[in-house]
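The values are calculated or read from the model by the stated rules, or taken from the named source; none is laboratory data. For clarity, every value in this text was computed on a predicted model and none was experimentally measured. Note that we place each Cβ from the backbone using ideal geometry, even for glycine, and neighbour counts take in every protein chain shown.
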């Protein structure tokens with residue numbers, strides 16, 4: 001049986017008049033590297049801050065590793081967090097940050113922290129304020145990893161990094177995750193950032209989970225059909241149209257189906273993860289009947 | 001958490017230690033001349049008062065105000081609060097350490113300055129008294145209490161303002177207002193004053209007059225209670241009324257003239273026949289330490305209250 005690392009039900013967060021997250025219900029399975037993808041303003045940051053206890057819900061409930069977030073030091077110890085823009089203490093040295101981690105976390109793995117700092121080539125004496133964006137992100141990741149959490153949450157960790165630093169960051173993240181079997185949730189507004197590392201995807205649009213599932217399952221169950229112009233309403237049952245475009249003569253559909261497509265009128269091609277996510281993000285696909293069930297977790 | 005707070009506070013602690021060391025040197029070098037009532041010595045005496053009023057304010061705006069607001073402004077609270085330490089502990093330790101350090105710094109400075117000024121204070125060069133508004137707050141215990149209060153106030157404002165610069169400005173404004181309000185409106189009510197009623201001593205009269213055209217008598221008399229903080233000093237009739245009735249003939253020259261008391265013995269004798277009383281409401285100088293302790297206790301209680309508020313706000317309200 002699969003357990004959820006994050007389970008939210010009717011979760012909402014209101015700032016004065018505006019809702020940053022509204023009626024969000026989701027379950028994120030454990031042992032995965034989960035990409036939380038959605039356009040800006042979908043509520044990704046709010047969701048992650050609710051999951052760390054940095055924010056308190058206005059409505060609904062959220063539990064993380066079976067407990068309310070930040071309910072006790074022991075719960076805090078089980079969750080690692082790398083916040084957006086990876087804040088560090090600008091005036092403190094790199095080594096001071098490691099001492100901070102050791103002082104504030106009982107499960108601190110100093111050997112891991114020192115090794116990572118060495119591998120990254122960070123100077124322990126350097127002040128954190130003078131680190132590059134990539135180095136700062138790596139320092140923040142080191143702090144989160146050396147805490148040896150069961151669940152690691154990263155909020156847009158690579159958004160401000162250049163492509164090289166981005167690749168380097170994700171590579172070292174994956175190495176660490178592989179070594180310790182940590183569950184990971186990382187958010188991004190660009191699926192391209194996460195494609196390489198995620199094995200599970202949650203697409204969040206306007207607080208709602210639009211689709212969630214194993215990346216391989218998602219790719220296997222979505223196809224692009226192109227053929228002569230045709231009304232999508234005539235498709236057989238079990239083929240849900242996610243996205244459609246028509247010219248005078250031609251129709252191109254993005255279809256979700258668990259069955260093979262046999263109709264010889266269609267040319268069937270596979271869909272990239274990016275196309276798939278973008279299709280789900282677009283407003284046209286927001287038709288409840290066609291929205292796939294939130295899968296897998298039971 | 002204590003070690004982290006110390007790490008973050010270290011630079012400020014070094015600055016404070018250097019400032020204290022400088023003060024020690026200045027006061028020690030000038031100590032042999034401190035009783036002199038002239039020039040540099042007097043300026044140093046005045047500077048001591050100013051410094052003891054400024055120190056808690058500076059501590060409040062540079063140690064207190066940025067304590068939490070800087071973490072909120074730069075986002076580092078997201079790093080701190082996702083370590084395995086509760087927010088309650090985070091606030092309590094940060095504020096506790098800074099508060100104790102500020103009390104130690106202000107206490108040492110006050111101790112040194114109070115000692116340096118002790119002989120001069122006795123000569124009363126400012127025409128005040130030990131309980132006077134100006135001297136009282138810059139001696140002995142009060143700076144310790146107001147420094148602790150300043151740190152807690154700064155931290156609280158920083159927590160609410162969430163930005164360093166506004167927090168500093170608001171903290172300074174409120175702290176100055178409190179420093180003005182306490183001697184004016186709080187201190188007089190800390191302990192109920194003594195009220196004495198004595199027969200008016202004719203030799204204490206320093207002013208006699210009459211109003212025009214009612215021609216009612218007015219008498220002023222000096223108070224001779226050493227070290228006392230006099231709230232009010234009135235001359236009344238035996239019945240206790242402050243309107244003394246018509247002025248005796250002997251005291252009037254021409255239509256309305258104020259005569260210095262004692263200038264005419266006839267007037268004095270006439271006043272003597274009225275059997276007036278002198279009513280003085282005052283705080284005896286012997287209550288100096290009672291006032292020191294109670295005012296310090298009030299500041300410390302406020303500091304604890306604000307600390308409690310900071311803890312509650314951080315763990316319950318800030319994430320809303």
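Things worth noting here:
- Of the residues screened, residue B:88 is not one that is touching a helix residue (DSSP H, G or I) at 6+ places or on another chain (Cβ under 9 Å), within 14 Å of chain A (Cβ to nearest Cβ), on the phi < 0 side of the Ramachandran plot and in a loop (DSSP other than H, G, I, E, B).
- Considering B:171, B:196, the condition of being within 31 Å of the chain's Cα centre (by Cα) and not assigned by TED's automatic domain parsing to the domain that holds residue B:132 is satisfied by B:196 alone.
Residues are listed down the side, and each one gets a yes or a no for (1) closer than 29 Å to residue B:314 by Cβ; (2) without any contact (Cβ under 8 Å) to a residue 24 or more places away in the chain; (3) not assigned by TED's automatic domain parsing to the domain that holds residue B:114:
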{"site": "B:7", "(1), (2), (3)": "yes, yes, no"}
{"site": "B:29", "(1), (2), (3)": "no, yes, no"}
{"site": "B:43", "(1), (2), (3)": "no, yes, no"}
{"site": "B:64", "(1), (2), (3)": "yes, no, no"}
{"site": "B:78", "(1), (2), (3)": "yes, yes, no"}
{"site": "B:81", "(1), (2), (3)": "yes, yes, no"}
{"site": "B:86", "(1), (2), (3)": "yes, no, no"}
{"site": "B:94", "(1), (2), (3)": "yes, no, no"}
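- Flag for residue B:106 being closer than 30 Å to residue B:76 by Cβ and modelled with pLDDT of 95 or more: yes
- Unmet criterion (only one of (1) crowded, with 22+ Cβ neighbours inside 10 Å; (2) within 9 Å of chain B (Cβ to nearest Cβ); (3) assigned to a helix (DSSP H, G or I)) for residue A:96: (1)
- Filtering segment A:149-162 for residues that are in a helix (DSSP H, G or I), away from chain B (no Cβ under 14 Å), at pLDDT below 85 and in contact with a helix residue (DSSP H, G or I) (Cβ under 7 Å, 6 or more places away or on another chain) leaves an empty set.
- Restricting attention to segment A:59-81, the residues that are out of contact with any helix residue (DSSP H, G or I) (no Cβ under 8 Å at 6 or more places or on another chain), more than 8 Å from chain B (Cβ to nearest Cβ) and not in a strand (DSSP E or B) add up to 4.
- Search result, residues across segment A:260-281 that are within 28 Å of the chain's Cα centre (by Cα) and surrounded by fewer than 17 Cβ atoms within 10 Å (Cβ to Cβ): A:269, A:270, A:272, A:274, A:275
- If you go through segment A:235-260 and keep only what is touching a residue at least 24 places away in the same chain (Cβ under 8 Å), assigned to a loop (DSSP other than H, G, I, E, B) and in contact with a strand residue (DSSP E or B) (Cβ under 8 Å, 6 or more places away or on another chain), you end up with just A:257.
- Test: residue in segment A:136-146 that is touching a residue at least 12 places away in the same chain (Cβ under 8 Å) and farther than 19 Å from residue A:108 by Cβ: yes
- Of everything in segment B:75-84 that is assigned to a loop (DSSP other than H, G, I, E, B) and over 15 Å from residue A:148 (Cα atoms), the residue that is farthest from the other protein chains (Cβ to nearest Cβ) is B:81.
- Unique match (being assigned to a helix (DSSP H, G or I), surrounded by fewer than 19 Cβ atoms within 10 Å (Cβ to Cβ), in the same structural domain as residue A:100 (by TED's automatic domain parsing) and in contact with a helix residue (DSSP H, G or I) (Cβ under 6 Å, 6 or more places away or on another chain)) among A:165, A:178: A:165
- Residue that is modelled with the lowest pLDDT, among those in segment A:113-133 that are more than 15 Å from residue A:86 (Cβ to Cβ) and in a loop (DSSP other than H, G, I, E, B): A:121
- Taken as a whole, segment B:102-111 holds no residue that is over 23 Å from residue B:22 (Cβ atoms), surrounded by fewer than 17 Cβ atoms within 10 Å (Cβ to Cβ) and more than 9 Å from chain A (Cβ to nearest Cβ).
- Verdict on residue A:91 being in a helix (DSSP H, G or I) and either modelled with pLDDT under 95 or crowded, with 17+ Cβ neighbours inside 10 Å (or both): no
- Note on segment B:130-165: among residues that are assigned to a loop (DSSP other than H, G, I, E, B) and crowded, with 19+ Cβ neighbours inside 10 Å, the one that is modelled with the highest pLDDT is B:141.
- Matching residues, segment A:198-219, being surrounded by fewer than 16 Cβ atoms within 10 Å (Cβ to Cβ) and touching a strand residue (DSSP E or B) at 6+ places or on another chain (Cβ under 9 Å): A:199
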